[in-house]
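Here is the structure we will look at, set down as structure tokens.
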Amino acid sequence: MKNIITTLLIALFAIIFTACSEPNNNKVKNELVYASTKDIRDINPHLYSGEMAAQNMVFEPLVINTKEGIKPWLAKSWKISNNAKTYTFELKENIFFTDGTKLNANTIKANFDAILNNRTRHAWLELVNTIESTKVINEYTFELNLKNAYYPTLTELSMTRPFRFISPSCFKNNETKKGVSCYVGTGPWILKEYQKNNYALFEKNSKHWNNIPKINSIKWRVIPSHQSILLSLQKEEIDLIFGSNGDMINLNAFTQIQQEKKLKTLISNPIASRTILLNTKREFTKDIEVRKALSHAINKEAIIKGILNNSETIANTLFSKTTPYCNIDLEKKEFNIEKSKSILNNAGWILQENGLRYKNGQELILKLYYNANNAQEKIISEYIQSNLKSIGIKLNIIGEEKQAFFDRQKTGNFDLMYALSWGIPYDPQSFISSWRIPSHGDFQAQSGLAKKSWLDETIKNILIEENKIKRELLYKNILTYIHEENIYIPLSYSRVKVVFNPKLKGVDFNLSQYEIPFEKFYFDNTK
């Protein structure tokens, strides 16, 4: 008997010892630490100051945009009638906001009406201007009535903002335009903690109607310095960085990580366009000959190879040919220094002994502005500066804090400006729609065009044109005009870059460069 008891005690001790000595690396992580240079800020889905990736975690749309086209989301189906002016949505039942409020036609209407009460702020999105009324048909049927047919309606309803739904319990005085009292959505994540400019903690919505995330929580850490992000990655303090256009990590660091192979990397398909915007209202760049000369003076191939490490492809047109309505044959503006010099000579800009060009006693000096927080834009700007120096143009480059950079776009106080298109699903229809709004740099840059009124009117016609063939022709007309007027110098088609812990699985991209599909990610220590 004594031997049996002794044997049992030894076995029990062995089990306890084994459990206690289980290596930590065999435990499956349940919190993903994501690093961003940016705080989530105010994630009210009906306004624009919050990070879109965070808004997408909490708030959901009626429909979503996929590679296969628009698909149902909170709506299970829709019907288009009345000459494409009425959209009737049948909602999925038994969906709740995370405060327990039921999602139904009344809550959908309340959200639409809150958005429409702030039409001026959303004027860049033509759908907002086009909506005539909203109506509750019954508990799960919602009707949207338009003033006229508007072909991108479903696409714009799928965007990250503003047509996402927040619990009416968060409204202030039945509105959202002056802020909200809480951030309660129906999405797969719940914002649990937030310390401004430090971190945000999202916990999974265990009652989500569709995809309950496998990871328990996402910690969004704010690390403003690219170098600090890199160090945190190497020390395994963070699991993921995810971003486009150099916002999170510079490409030299990204390439080094690729070569070391200790961490996983991923690059999306081309998703948006890097460009330089030329202002037609400024003293020198209002001259189309100067703009033409600039278009041939920048060595894009060297930028792709030497700065972007061949991670992107050369852009010859504002939108890639794979963008809807943009498969148009346009003149390719080759890098050709001698051609640039010839254009400037013929335009009366004569090279002097000091290596700079003058006309009527004025020196050809330009200013290029970029976002100082971006890892790539400074280096690219410096290279463009050297390109222009070789043709006798002095280019002053000025890096500014992001908000100052955005404010400058609105004022039009720039000769040249670094710019990025919005990518799918915003390109081209929503992006060109914004060209008509004075608060955008594109509008300011185009304001000196002889045919600016025609351009804006044609864009309006495109958005309401029901016939696809006529719409294609209108797109061809405006994109050809913009191309021939040299408003944009396309540099490359950008891609989203991701670096992550090898134990993190399911890493993927949404169609929009501004969203991160955290709900698809999970940890697996066995592979």
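The values are calculated or read from the model by the stated rules, or taken from the named source; none is laboratory data. Given the structure is predicted, the values throughout are model-derived calculations rather than measurements. When we count neighbours, we look across all protein chains shown, and the Cβ atoms used for this are built from the backbone with ideal geometry, even at glycine. Only protein heavy atoms, including side chains, enter the accessible area calculation; ligands, DNA and RNA are left aside. Shrake-Rupley method; radii C 1.70, N 1.55, O 1.52, S 1.80 Å.
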Practice prompt. Pop out the ³J(HN,Hα) list for the stretch 146-155 in order, Karplus 6.51 cos²θ - 1.76 cosθ + 1.60 with θ = phi - 60°, rounded to Hz; leave Gly and Pro as x.
Written response: 9, 6, 8, 4, 9, 5, x, 3, 5, 4
Item to complete: Go through 67-74, 414-421, 308-315 and give me the packing order, highest mean Cβ count within 10 Å leading.
Response: 414-421, 308-315, 67-74
Worksheet, complete the sentence: Quick calc, the chain, dipole around Cα centre from Cβ unit charges on Lys, Arg (+) and Asp, Glu (-), nearest 20 debye, gives 340 debye
Worksheet, complete the sentence: Sorted by chain and number, the residues with a modelled amide H under 5 Å from that of Tyr194, at a separation of 5 or more or across chains, are Leu201
Response to the item:
Computed, not fitted: 222 nm per-residue ellipticity of the chain from DSSP H runs ≥ 4 (each -39500 (n - 2.57)), nearest 500, equal to -8500 deg cm²/dmol
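Give the percent of DSSP beta bridges with both residues in the stretch 315-419 that are antiparallel, rounded to the nearest 5.
Working: 4 of 13 bridges.
Antiparallel bridges: around 30 percent, rounded to the nearest 5.
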Discussion item. If you roll a 1.4 angstrom probe over the protein chains with everything in place, what fraction of the accessible area of the chain belongs to carbon and sulfur, to the nearest %?
Written reply: 49 percent
Practice prompt. Indicate the helices, whole DSSP H runs only, in the chain that combine a mean Kyte-Doolittle hydropathy of 1.0 or more with a Cα extent along their long axis of 15 angstrom or more.
Written response: 2-20
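Can you tell me how much longer the chain between Ser386 and Ala123 gets when fully stretched, taken as 0.36 nm per residue apart minus their C-alpha distance, in nm with one decimal?
Contour length minus the Cα-Cα distance gives 90.8 nm.
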Item to complete: Would you please report the Å³ per residue occupied by the convex hull of the alpha carbon atoms in the stretch 434-477?
Response: 65 Å³
Discussion item. If each residue of separation counts as 0.36 nm, what is the full-extension length gain between Glu363 and Glu334 once their alpha-carbon separation is subtracted?
Written reply: 7.9 nm
Item to complete: Take the chain, compute every pairwise Cα distance, and split them into 20 Å bins from 0; I just need the percent in each bin.
Response: 20, 49, 25, 5, 1, 0
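Kirkwood hydrodynamic radius, computed over distinct alpha-carbon pairs, for the stretch 324-366: how many Å, to one decimal?
12.7 Å
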Practice prompt. For the stretch 73-78, just list the computed ³J(HN,Hα) in residue order, Karplus coefficients 6.51, -1.76 and 1.60, θ = phi - 60°, integers in Hz, with x standing in for Gly and Pro.
Written response: 9, 5, 8, 8, 6, 8
Worksheet item: Counting pairs of alpha carbon atoms under 8 Å apart in space and at least six apart in sequence, what relative contact order in percent does the stretch 223-364 give?
Response: 18 percent
Worksheet, complete the sentence: Whole-Hz Karplus couplings 3J(HN,Hα) for the stretch 45-58, θ = phi - 60° and coefficients 6.51, -1.76, 1.60, Gly and Pro as x, run x, 9, 10, 10, 8, x, 6, 5, 4, 6, 4, 5, 6, 9
Worksheet item: In percent, what relative contact order does the chain have, based on Cα pairs under 8 Å that are 6 or more apart in sequence?
Response: 20 percent
Practice prompt. Within 10 Å, count the other beta carbons around each residue, average over each peptide in 32-38, 54-60, and list them highest first.
Written response: 54-60, 32-38
Worksheet entry | Amide hydrogen neighbours beyond the local backbone of Val184, cut-off 5 Å, H modeled | Ser167
Worksheet item: Looking at Ile215, Gly243, Ser225, which one has the Cα that reaches farthest to the positive end of the dipole of the stretch 155-260 (charges on Cβ: Lys, Arg +1; Asp, Glu -1)?
Response: Ile215
Worksheet item: Amide H neighbours of Lys76 under 5 Å, counting only residues 5+ apart in sequence or on other chains, H built in-plane at 1.01 Å?
Response: Glu90, Leu91, Lys92
Fill in: Rough spin-label spacing in nm, given labels placed 7 Å along Cα→Cβ, for Asn269 and Thr101
3.8 nm
Response to the item:
Rounded to the nearest 0.05, FRET efficiency between Ile398 and Tyr481 (Cβ-Cβ, R0 45 Å) equals 0.95
